[in-house]
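Notes follow once the structure below has been shown.
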Protein chains: 2
Amino acid sequence: MTEPQVEIKLFSASTPLNDAVLRTLAHLPTRSLGLLVADEFWCRLSDADFMRIAVLLAEKSYIEGGCPIGAVIIDNASRRIVGKGHNTLVQESHPYNHGETAAIRDAGRLDFSQTTLFTSLSPCNICTALLINRGFNRVVVGDVSSAGGNEQTLSNHGVTVKVLEDSKGVALYQQFRREQPELEREDWLGLRQNKD
Amino acid sequence: MTEPQVEIKLFSASTPLNDAVLRTLAHLPTRSLGLLVADEFWCRLSDADFMRIAVLLAEKSYIEGGCPIGAVIIDNASRRIVGKGHNTLVQESHPYNHGETAAIRDAGRLDFSQTTLFTSLSPCNICTALLINRGFNRVVVGDVSSAGGNEQTLSNHGVTVKVLEDSKGVALYQQFRREQPELEREDWLGLRQNKD
């Protein structure tokens with residue numbers, strides 16, 4: 001199937017990089033981005049910009065009543081977004097769909113050794129095993145103040161790790177933790193009664 | 001919502017336990033089982049019967065062109081199936097939906113410390129982390145001849161592990177491995193080029 005010619009794209013070389021623009025990208029389906037975003041746009045986005053998109057996905061989840069954790073995967077060469085998502089424990093009654101698992105599910109069958117994953121929160125044990133097992137090249141972590149510890153494990157397995165905290169993302173997660181401690185616990189440990 | 005009264009159920013105290021019956025259970029949506037299966041039926045199923053259902057889910061996936069790995073989760077007290085599924089790498093282009101992740105996604109937000117998971121194949125590192133993290137009480141493994149090693153890890157983390165090989169399940173997985181070695185490799189390690 002040939003892609004239709006689109007003359008003017010909303011996301012171009014001259015589009016300003018602000019939260020309104022990045023939030024729209026966060027909400028658009030990944031499959032739509034190829035048609036709507038010019039190649040030149042992607043090259044302008046810094047790691048901090050992609051982390052903002054991950055945090056704006058966390059914001060989307062928070063507004064839906066869910067856990068505010070988001071993630072974005074980009075192709076290292078073109079900087080295009082190839083997968084993204086957020087936690088859906090509440091929204092899909094999904095017991096382990098964290099930011100990372102959601103983004104990887106969205107990306108589908110890719111060679112992740114050519115990609116970088118941005119996560120708004122330090123990865124849990126499950127997502128750490130998944131990132132190692134799928135051979136991710138690089139992981140950027142947006143909040144090690146609220147949780148952490150698996151950065152070293154990733155690094156030990158050959159994944160390049162960069163900590164790049166997003167202060168609004170850290171504040172949002174801390175707010176969620178204060179408001180919904182039981183939901184946060186379920187997200188990390190499940191509903192089990194007898195273990196920790 | 002009150003459950004409608006159903007006088008006669010196909011799966012009852014006198015239903016024979018053969019592959020035709022167990023295969024039908026494997027294919028039915030989990031949410032439908034409460035209406036179609038009598039409580040007395042579940043108590044008659046042995047661990048080997050539940051493993052057969054996991055293998056018949058693997059068979060379903062194989063027939064669909066996918067990786068033949070299935071899993072079933074039961075409530076320990078009632079022996080009812082509360083979740084089940086099979087690998088969907090091919091069917092959903094899903095990079096980590098293994099038997100175990102599929103069954104846990106199907107089960108939703110449960111206290112897994114009261115459940116047993118039956119998997120037709122020894123769990124990978126991702127699924128092992130998930131089983132430990134969600135606090136599973138017991139895991140029954142149907143094939144340690146084709147893969148293995150994480151049984152000890154599960155056991156070290158307080159999960160009761162039982163190996164109960166299903167010879168037809170082992171034969172099906174070996175057939176798949178011979179027929180589709182590249183697909184098997186992708187399922188275990190992803191599509192990455194440069195690492196192992």
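Given the condition surrounded by fewer than 24 Cβ atoms within 10 Å (Cβ to Cβ), at pLDDT 95 or above, within 25 Å of residue A:98 (Cα to Cα) and charged (D, E, K, R), answer yes or no: does some residue in region B:83-98 qualify? Yes, some residue in region B:83-98 is surrounded by fewer than 24 Cβ atoms within 10 Å (Cβ to Cβ), at pLDDT 95 or above, within 25 Å of residue A:98 (Cα to Cα) and charged (D, E, K, R). Condition check for residue B:165 on (1) within 13 Å of chain A (Cβ to nearest Cβ); (2) within 16 Å of the chain's Cα centre (by Cα); (3) surrounded by fewer than 19 Cβ atoms within 10 Å (Cβ to Cβ): one failure, at (1).
Is it the case that residue B:154 is hydrophobic (A, V, I, L, M, F, W, C), under 16 Å from the mean Cα position of the chain (by Cα) and within 14 Å of another protein chain (Cβ to nearest Cβ)? So residue B:154 does not fit the description; no.
Looking only at residues of region A:99-126 that are over 12 Å from the mean Cα position of the chain (by Cα) and crowded, with 22+ Cβ neighbours inside 10 Å, we find that the one that is farthest from residue B:107 (Cα to Cα) is A:115. Could you list, in sequence order, the residues of region B:72-127 that are in contact with a Gly (Cβ under 6 Å, 6 or more places away or on another chain) and among the hydrophobic types (A, V, I, L, M, F, W, C)? Of everything in region B:72-127, those that are in contact with a Gly (Cβ under 6 Å, 6 or more places away or on another chain) and among the hydrophobic types (A, V, I, L, M, F, W, C) turn out to be B:73, B:90, B:102, B:103, B:107, B:112.
Of everything listed in (1) touching a Phe, Trp or Tyr at 6+ places or on another chain (Cβ under 6 Å); (2) among the basic types (Lys, Arg); (3) at the interface with another protein chain (Cβ under 10 Å from one of its Cβ atoms), the single unmet condition for residue B:80 is (3). Restricting the search to helices (runs of 4 or more DSSP H) fully inside region B:9-125 and requiring at least 2 residues that are among the small types (Gly, Ala, Ser) and under 29 Å from residue A:82 (Cβ atoms) gives B:99-107. Once region B:163-193 is narrowed to residues that are touching a helix residue (DSSP H, G or I) at 6+ places or on another chain (Cβ under 7 Å) and basic (Lys, Arg), the residue that is modelled with the lowest pLDDT is B:192. Against the test of being more than 8 Å from chain B (Cβ to nearest Cβ) and either farther than 22 Å from residue A:46 by Cα or surrounded by 19 or more Cβ atoms within 10 Å (Cβ to Cβ) (or both), the options A:172, A:191 yield a single qualifying residue, A:172. Residues of region B:10-22 include none that is among the aromatic types (Phe, Trp, Tyr) and within 25 Å of residue B:132 (Cβ to Cβ).
When we screen B:89, B:57 for residues that are within 14 Å of another protein chain (Cβ to nearest Cβ) and in contact with a helix residue (DSSP H, G or I) (Cβ under 6 Å, 6 or more places away or on another chain), the only hit is B:89. Scanning region A:138-196 for residues being assigned to a helix (DSSP H, G or I) and β-branched (Val, Ile, Thr) gives a total of 2.
Looking across region A:95-145, the residues that are touching a residue at least 60 places away in the same chain (Cβ under 8 Å) and at the interface with chain B (Cβ under 9 Å from one of its Cβ atoms) come down to A:95, A:107, A:124, A:137.
Here the condition is being touching a strand residue (DSSP E or B) at 6+ places or on another chain (Cβ under 9 Å), small (Gly, Ala, Ser) and within 25 Å of residue A:177 (Cα to Cα); of A:12, A:93, A:61, it holds for A:61 alone.
The values are calculated or read from the model by the stated rules, or taken from the named source; none is laboratory data. What you see is a predicted model, and the numbers here were worked out from it, not measured in a lab. Reconstructed Cβ throughout: ideal geometry from the backbone, glycine too, with neighbour counts over all protein chains shown.
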